[in-house]
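Notes to accompany the following structure.
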Amino acid sequence: MSWKTFKVAAVAAAGLVTALTTGGMARAETLNALFMSQAAYSEDDVRAMTKDFEAAHPGTTVNLEFVPYESLYDKTIAAKGAGSSGYDVVLFDTIWPPAFSTNEILTDVTDRTKSIDEKAVFDGAWATVTYGGKRWGMPWILDTKYLFYNTDMLQKAGISAPPKTWAELLSQAQTIKSKGIVEYPIVWSWAQAEAVICDYATLVAAGKGDFMDNGKLAFDKGPALDALNYMVETMKAGVTNPNSKEYLEEDVRKVFSAGQAAFALNWTYMYAKAQDPKESQVVGKVGVAPAPGIDGKSTASAVNGSMGLGVTTGSTNKDLAWTYVTFMTSQPVQNKYAQLSLPIWKSSYDDPAVAKGQEEIVKAAKTAIAIMVPRPQLVSYQELSTILQAQIQKVLLGSATPEAALAEVTAAAAKLQ
């Protein structure tokens, strides 16, 4: 036997001995997990986290699939009943637990979460995965929309501080436009998708609205109507980029990072991207603050745009799936990958390693996370959202008034409740 052959055989034997002395050969196990391919953690981040999980659990393989957010809900629903070829772990939005629990997509993990220190996690994070008094997963992406601004453009316009109210945002945008600094100072994600609902809900939150009137969903009065009127006002004033009605969050990021907007509403991930020389032309000119409020009503506004990781009812290995979920949502893992998505853990925000290089957004997050408002918790939320998206789009295109469009939504909502 050659030395090379002997060495290979010795290594193999040593591996066998190790396996036997640790309770037997590592059993090959596979998990299938579904994630989204936009905003928050990057695909590279998720793959790196998962690689670390596999290293900590020899013999385990996690097959990852990434789809656009807009396909995530339908993909999860369609996979129900697929057995071993379906998903074990899925990423889900805060608006989906009512439907996913009612339709038996997600496993009730209330008892499993009892071992976790509840007070160590933000209340808004727990709200993301809670419905009907039960928990349907672990919060993972703790997010809301922030107001990003180009500090250089504000300085050129003689503006000393970012707007604290939505009225002030409109006024500052008009000043910037009038001085020829940029043609369209504000860019939004107002495409006919869930993105526009999040922007709209942020504006509603500023007016202390919650879409409810005497226990029934109502959109055609109060802050819900005021919010849509404000959206129209910014378009008529010529300060909103008209392409906003076709834009999703990534489009907003690219426009802002190209130096073509003074203001943008977007998720946490945009801060790091806008400071990356490979992704941005505005490095060193990026400011961020909580979304504005309304005089006499609020000092800031925020919508709960968080997401959780859950174990599907169809998983054939729920214990391992839950182990993967708790690993991905653990504080050490979240702290390590905090550049694109901030942790769900309160103490992380006082960790210098987490805040380093992103002190400004961590500061904004401390305010915004505490005031996040939910979108309507409804089993038929997807249907409601689709109707609201369509009616908002009609208004933005000028084919319907805010009053008429939201009256249609309110009438439809009454049938869905």
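The values are calculated or read from the model by the stated rules, or taken from the named source; none is laboratory data. Predicted model, so just to flag it, every value in this text is computed and none were measured. With ideal geometry, Cβ positions are generated from the backbone for all residues, glycine too; neighbour counts draw on all protein chains shown.
Of the residues T234, T326, which single one is among the polar types (S, T, N, Q), within 30 Å of L64 (Cα to Cα) and either touching a residue at least 24 places away in the same chain (Cβ under 8 Å) or assigned to a helix (DSSP H, G or I) (or both)?
Of the residues listed, the single one that is among the polar types (S, T, N, Q), within 30 Å of L64 (Cα to Cα) and either touching a residue at least 24 places away in the same chain (Cβ under 8 Å) or assigned to a helix (DSSP H, G or I) (or both) is T326.
Give the number of residues within the range 165-188 that are touching a residue at least 12 places away in the same chain (Cβ under 8 Å), of a type outside the set (A, V, I, L, M, F, W, C) and either touching a strand residue (DSSP E or B) at 6+ places or on another chain (Cβ under 7 Å) or not in a loop (DSSP other than H, G, I, E, B) (or both).
8
Farther than 30 Å from Q358 by Cα, out of contact with any Phe, Trp or Tyr (no Cβ under 7 Å at 6 or more places or on another chain) and at pLDDT below 95: is that true of K134 in this structure?
No; evaluated as a whole, the condition is false for this residue.
Enumerate the pairs (first residue in the range 93-110 and in contact (Cβ under 8 Å) with a residue 12 or more places away in the chain; second residue anywhere and surrounded by fewer than 18 Cβ atoms within 10 Å (Cβ to Cβ) and basic (K, R)) with beta-carbon separation below 6 Å, excluding pairs fewer than 6 apart on the same chain, so at least 6 apart or on different chains.
Close Cβ pairs (under 6 Å, with a partner that is surrounded by fewer than 18 Cβ atoms within 10 Å (Cβ to Cβ) and basic (K, R)) amount to I105/K80; D108/K134; T110/K134.
So which residues in the range 252-272 are part of a helix (DSSP H, G or I) and within 23 Å of G180 (Cα to Cα), if there are any at all?
Listed by number, the residues that qualify are V252, R253, K254, V255, F256, S257.
With E359, E383, E408 as the choices, which residue is acidic (D, E) and touching a residue at least 24 places away in the same chain (Cβ under 8 Å)?
Result: E383 is the single residue among E359, E383, E408 that is acidic (D, E) and touching a residue at least 24 places away in the same chain (Cβ under 8 Å).
For a quick check of your reading of the model, give me the residue pairs whose first member lies in the range 240-269 and is within 19 Å of V395 (Cβ to Cβ), whose second is among the polar types (S, T, N, Q) and not in a helix (DSSP H, G or I), with beta-carbon atoms closer than 6 Å and at least 6 apart or on different chains.
Final answer for the pair search is Y247/S189; L248/S189.
Could you count how many residues in the range 391-417 are crowded, with 16+ Cβ neighbours inside 10 Å, among the aliphatic types (A, V, I, L, M) and more than 12 Å from F211 (Cβ to Cβ)?
Here the count works out to 7.
Are any of the residues in the range 342-356 surrounded by fewer than 21 Cβ atoms within 10 Å (Cβ to Cβ) and part of a loop (DSSP other than H, G, I, E, B)?
yes
Since A191 meets every condition but one in (1) in a helix (DSSP H, G or I); (2) modelled with pLDDT of 95 or more; (3) buried (at least 19 other Cβ atoms within 10 Å of the Cβ); (4) small (G, A, S), which condition does it not meet?
With (1) in a helix (DSSP H, G or I); (2) modelled with pLDDT of 95 or more; (3) buried (at least 19 other Cβ atoms within 10 Å of the Cβ); (4) small (G, A, S) applied to A191, the lone miss is (1).
Identify all residues within the range 200-215 that are over 19 Å from A404 (Cβ atoms) and over 24 Å from the mean Cα position of the chain (by Cα); write none if there are none.
Of everything in the range 200-215, those that are over 19 Å from A404 (Cβ atoms) and over 24 Å from the mean Cα position of the chain (by Cα) turn out to be N214, G215.
If you take the residues of the range 139-182 that are charged (D, E, K, R) and over 30 Å from T113 (Cβ atoms), which of them is surrounded by the fewest Cβ atoms within 10 Å (Cβ to Cβ)?
K179
Is it the case that the range 228-250 has a residue that's surrounded by fewer than 21 Cβ atoms within 10 Å (Cβ to Cβ) and either within 19 Å of V288 (Cβ to Cβ) or in the same structural domain as W345 (by TED's automatic domain parsing) (or both)?
yes
From the list Y41, Y87, which residue is modelled with pLDDT under 95, among the aromatic types (F, W, Y) and surrounded by 14 or more Cβ atoms within 10 Å (Cβ to Cβ)?
Answer to the selection: Y41.
Within the range 280-300, take every residue that is crowded, with 17+ Cβ neighbours inside 10 Å and aliphatic (A, V, I, L, M) and give me the one that is farthest from W267 (Cα to Cα).
I294
Considering Q382, Q389, Q393, which residue is assigned to a helix (DSSP H, G or I) and touching an Asp or Glu at 6+ places or on another chain (Cβ under 8 Å)?
Q389
Does V303 fit the bill of being more than 14 Å from D143 (Cβ to Cβ), at pLDDT 95 or above, crowded, with 22+ Cβ neighbours inside 10 Å and among the β-branched types (V, I, T)?
The answer is no for V303.
For I77, all conditions in the list (1) within 23 Å of A364 (Cα to Cα); (2) in a helix (DSSP H, G or I); (3) without any contact (Cβ under 8 Å) to a residue 60 or more places away in the chain hold save one; what is the number of the exception?
(1)
Could you grab me the full set of residues in the range 91-149 that are out of contact with any strand residue (DSSP E or B) (no Cβ under 7 Å at 6 or more places or on another chain), part of a loop (DSSP other than H, G, I, E, B) and farther than 15 Å from Q334 by Cβ?
Within the range 91-149, I95, W96, N103, E104, D111, G132, G133 qualify.
Among the residues of the range 110-138, count how many are farther than 22 Å from A291 by Cα and either crowded, with 23+ Cβ neighbours inside 10 Å or among the acidic types (D, E) (or both).
8
Determine which single condition D220 fails, assuming it passes every other condition in (1) more than 20 Å from V182 (Cβ to Cβ); (2) assigned to a helix (DSSP H, G or I).
Failed condition: (2).
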